[in-house]
Every structure is written in C-alpha cells, then in structure tokens.
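Reading through the structure tokens given below for one structure.
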Amino acid sequence: MKAVVYKGPRSIAVDQVDDAKIEHPCDVLVRITTTNICGSDLHMYEGRTSFETGRVFGHENLGQVIEVGPAVSKVKVGEYVVLPFNVACGFCKNCERQLSNYCLTMQPNPKFAGAAYGFADMGPYQGGQAELLRVPYGDYNCLRLGEDAAEKQTDYVMLADIFPTGWHATEMAEVYPGDSVVIYGAGPVGLMAAYSATLKSAGRVMVVDRHPDRLKLAESIGAIPIDYSQADPVQQVLDLTMGLGADAGCECVGYQAHDPSGEEHGEMTLNNLIASVRFTGRIGVVGVYVPQDPGAKDELAKQGKFPLDYGLMWFKGQKMGTGQCPVKKYNRALRDLVAAGKAKPSFVVSHEIALDEAPTAYENFDKREDGWTKVAMHPST
Ligand SMILES: [Zn+2]
Ligand SMILES: [Zn+2]
C-alpha cells in the first residue's frame, strides 16, 4: 500500500510499504478515504521528537471497513467509521473512567500512558496517511457513521482529533452560556475551540493569533480576532472584558509558541492566559507540551521546563486542566451534531488533495504559508 513515510527532519515520501492487516481477533481493517495532516504531525516532521524514520504518519483517520477480525461483533464490513486518534483498549482502569487518552494497555512503555496512530512515544501503531489502517480493538475504537458519511467526510474526519480536542479545551475551561472566552492560537484546534465555545452559547469569544488568514476564519464563525503582533493581547482582552479578564481561556498553541519575531517561548501563551483570564477563571490547555525537547534552544525548555507565572495564577485562584483529549468521551455527541446539521467543522479545511501530494502539503503547512489552514488527503475514494 502507499503511505506517507518519515525519512528525517523535514523529509517525507509517499512510499510503498507492507499492507496493514488484521493481526489480532479484535482488529478491524479500514480502507482510508480521508486523513488529515495535523499541527502535531509538524513536531515530528520537524524532527523535534523521537519519531522513528520509516514510520507512517496520520492520526486523524476516516474510512470504510474492509475486513474484521473473528472477535469483532459490532462493526461490519462496508461501514464508514471515524477513528479517535487515541488507540485504547476499553477495559483498563483509565478507559473505564472515560480517560481513553491515558489507556494503560496500548502503551508499551510502563512509564507512559496513552497511545495513538503514527505518533512519537505513543506506541508502535502505524498512521493512517496510507491506503489501509489496522484498528486495534475495533468495536471500541471505531465510531460508526450513518448514510451521510461519504458526502460529509471532511466534517466527520474532524471527530478523530481536532473537533473533540477543541471541545475538550472548553470542557476543561468550563465554558458556560454567556461566558467570555479567550483562545490562544487560531490553528485548526484553536478554531475548533472557538467553534465549540460558540456551540455552547458562550458570549464573547476572542481568538489570539498573528496570521491574517487564520484570524479571518475565526471572524467567520463570529469570534473577535486579536492580532498579537499589533498590540499586547492581554491588554486587548482586558479592554474587551471591562478590565476583568475572560471567564475562561484555552491554550491551543503548545511548546513551540513563538513571539512575533519568531523566537520560541514555550511559556508565552500560558502566562498570557494567566494574565488575561479573570480571578477564579478556568484555563484548558490542549496545546502539546513534552517532558523532553532536545531540539529546543533554551536549556530549561530542553528539559520540558517553563517559567510559569504560578504566583499570579495561585493569587488569582485559577484552575488549569491539561493534556490530550479523551476523544471517545465526546465524539458520539459531536457526530450527532454534524448529522443534525448543527455543526460543520469542515470550515477549517483549506486543501483537499491526493496522498501523492503530501510532501508539498507538509512543506506549505509547516511554513504556515498563507491559506494553508487544514489539509485533508484522500488516499482512496
Ligand atoms: Zn491531530
Ligand atoms: Zn485502556
């Protein structure tokens, strides 16, 4: 089968690799019809992780079931399914508590928890930027789609990661109707957090970024764009909230946050959030942070350490939630919003391409080229 293979920093190729196949009685084999490039793929693409050369990228996957293992009883051949990026067992202590993001069974490293397709340090699972994908524990990990699956693929594929992840940010930030919400980062996840806040009837939704194309998209869903390269974003949020700060804040940038000059400051958006969220406000952090980052310039950042304004955060009585999204906690409800026509997360898609065009797409997405918001690839039709 054809697949997007990692060759080394900023180098990928669409190669022929061994076909994915059923390896366990609970596996499901999916022919991938839509798979996205994610901002978190870029950390690996840039060589900033331990991602092994020769491995296949892709954790945002949707497709049609072509084979099921003998122990699969719910999922049927021919059905369209979308796969949470979390690979989870469904029966461990964390999965039973709806924390499939920290599954204890599928992660081979006993010091870690959680697994994902095609991801550094998240187990040996191959990615879905390929013609075929093996889905472990298929009955648990497949979310089945209805009759409209094929025509709404670019909406439903967002259930694999960014729509639930954006929703999770607003859950951790406890967004209530009427709340003012500030979101740092207008990449696809930040846009989904803004969209989720809007779906939850938030009041003012403010989105901080510096890329005009992304800010324009934020504006298109009713958010207030805040360009941090023009003026201090904290002051802009305070000005919009009677000096109090936002009720809730979402971090959708992560450890490669950079200032307008392009210099990395992993703590920048966290500290901006502490400053722009009100006393007793809540903060949800879904931007990726890692315990080690040998590629960082800063000595502390190499060890995953960031100077956090903890004194101010404590003084303000704020609450902060962190970590990857437990996709299964939300994907069924979000699917039903899409099916009912109440949500259309495909508004972030800027490019739909064939798998062969992956190298060019990664390059443009990595450079944050104007207009390259979200890339959906179609390995098969
Ligand atoms: Zn993703
Ligand atoms: Zn588990």
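The values are calculated or read from the model by the stated rules, or taken from the named source; none is laboratory data. Note that the structure is a prediction, hence the values are computed from the model and not measured. All Cβ positions, even for glycine, are placed from backbone atoms using ideal geometry, and neighbour counts span all protein chains on display.
Among Leu240, Leu308, Leu270, which is the only one that is in contact with a helix residue (DSSP H, G or I) (Cβ under 8 Å, 6 or more places away or on another chain) and either at pLDDT below 95 or under 15 Å from Tyr184 (Cβ atoms) (or both)? Can you show your working first?
Working: Leu240 fails: in contact with a helix residue (DSSP H, G or I) (Cβ under 8 Å, 6 or more places away or on another chain); Leu270 fails: in contact with a helix residue (DSSP H, G or I) (Cβ under 8 Å, 6 or more places away or on another chain).
Being in contact with a helix residue (DSSP H, G or I) (Cβ under 8 Å, 6 or more places away or on another chain) and either at pLDDT below 95 or under 15 Å from Tyr184 (Cβ atoms) (or both) holds for just one of Leu240, Leu308, Leu270, which is Leu308.
All but one of (1) modelled with pLDDT of 95 or more; (2) surrounded by fewer than 22 Cβ atoms within 10 Å (Cβ to Cβ) hold for Gln303, so report the exception by its number.
For Gln303, the exception is condition (1).
Taking segment 338-368 only, how many residues are more than 19 Å from Ser40 (Cβ to Cβ), under 19 Å from the mean Cα position of the chain (by Cα) and not basic (Lys, Arg)?
Adding up the residues that qualify gives 5.
Collect the residues in segment 157-185 that are within 16 Å of ligand 1 (Cβ to nearest atom) and over 24 Å from Gly128 (Cβ atoms), keeping them in residue-number order. Full working, then the answer.
Going through segment 157-185, the residues within 16 Å of ligand 1 (Cβ to nearest atom) turn out to be 157-169, 185.
Within segment 157-185, just Gly185 meets the criteria.
Just checking: which of the helices (runs of 4 or more DSSP H) contained wholly in segment 271-381 hold 3 or more residues that are touching a strand residue (DSSP E or B) at 6+ places or on another chain (Cβ under 6 Å) and either outside the structural domain of Phe51 (by TED's automatic domain parsing) or in contact (Cβ under 8 Å) with a residue 24 or more places away in the chain (or both)?
Ranges flagged: 358-366.
In segment 145-155, what residues are of a type outside the set (Asp, Glu) and touching a Ser or Thr at 6+ places or on another chain (Cβ under 8 Å)? Talk me through it step by step, then tell me what you get.
Let us first name the residues in segment 145-155 that are of a type outside the set (Asp, Glu), namely 145-146, 149-150, 152-154.
Those that are of a type outside the set (Asp, Glu) and touching a Ser or Thr at 6+ places or on another chain (Cβ under 8 Å): Ala150, Lys152, Gln153, Thr154.
For segment 108-153, enumerate the residues that are within 16 Å of Arg55 (Cβ to Cβ) and within 12 Å of ligand 2 (Cβ to nearest atom).
Ala115, Gly123
List the number of the failed condition for Gly54; all other conditions in (1) within 14 Å of ligand 2 (Cβ to nearest atom); (2) farther than 20 Å from Ile22 by Cα hold.
Of (1) within 14 Å of ligand 2 (Cβ to nearest atom); (2) farther than 20 Å from Ile22 by Cα, only one is false for Gly54: (1).
Here's a check for you: in segment 248-268, which residue that is among the small types (Gly, Ala, Ser) and crowded, with 24+ Cβ neighbours inside 10 Å is farthest from Gly287 (Cα to Cα)? Let's see the steps before the verdict.
Our first condition is that a residue be among the small types (Gly, Ala, Ser); within segment 248-268, this holds for 248-249, 254, 257, 261-262, 266.
Restricting the remaining residues to those that are crowded, with 24+ Cβ neighbours inside 10 Å gives 248-249, 266.
Working: Ala248: 16, Gly249: 12, Gly266: 10 Å.
Result: Ala248.
Considering only segment 230-238, I want to know if a residue exists there that is within 24 Å of the chain's Cα centre (by Cα) and under 17 Å from Val277 (Cα atoms).
Start the filter on segment 230-238 by keeping residues that are within 24 Å of the chain's Cα centre (by Cα), which leaves 233.
Then keep just the ones that are under 17 Å from Val277 (Cα atoms); that gives 233.
Yes: segment 230-238 contains one or more residues that are within 24 Å of the chain's Cα centre (by Cα) and under 17 Å from Val277 (Cα atoms).
Inspect segment 83-106 for any residue being surrounded by fewer than 21 Cβ atoms within 10 Å (Cβ to Cβ) and either within 21 Å of Glu151 (Cα to Cα) or away from ligand 2 (no atom under 16 Å from the Cβ) (or both) and give the result as yes or no.
Checking segment 83-106: not a single residue is surrounded by fewer than 21 Cβ atoms within 10 Å (Cβ to Cβ) and either within 21 Å of Glu151 (Cα to Cα) or away from ligand 2 (no atom under 16 Å from the Cβ) (or both).
Among the strands (runs of 3 or more DSSP E) lying completely within segment 1-102, list those that include at least 3 residues that are within 16 Å of ligand 1 (Cβ to nearest atom), more than 17 Å from Ile162 (Cα to Cα) and not charged (D, E, K, R). Working first, answer last.
Numbers: elements: 2-8, 11-16, 28-37, 61-68, 80-83.
Hits in segment 1-102: none.
Considering Gly284, Gly304, Gly262, which residue is over 25 Å from Met172 (Cβ atoms) and of a type outside the set (Phe, Trp, Tyr)? Steps first, please.
Working: Gly284 fails: over 25 Å from Met172 (Cβ atoms); Gly304 fails: over 25 Å from Met172 (Cβ atoms).
Residue meeting the stated conditions: Gly262.
Those residues that are among the charged types (D, E, K, R) and closer than 24 Å to Ser40 by Cα, I need them from segment 291-337; list them, please.
Start the filter on segment 291-337 by keeping residues that are among the charged types (D, E, K, R), which leaves 293, 297-299, 302, 305, 309, 316, 319, 328-329, 332, 335-336.
Correct list: Asp293, Lys297, Asp298, Glu299, Lys302, Lys305, Lys328, Lys329, Arg332, Arg335.
Residue check: is Ile37 more than 18 Å from His378 (Cβ to Cβ), touching a Lys or Arg at 6+ places or on another chain (Cβ under 9 Å) and β-branched (Val, Ile, Thr)? Spell out the reasoning first.
On the way: more than 18 Å from His378 (Cβ to Cβ): no; touching a Lys or Arg at 6+ places or on another chain (Cβ under 9 Å): yes; β-branched (Val, Ile, Thr): yes.
No, not satisfied.
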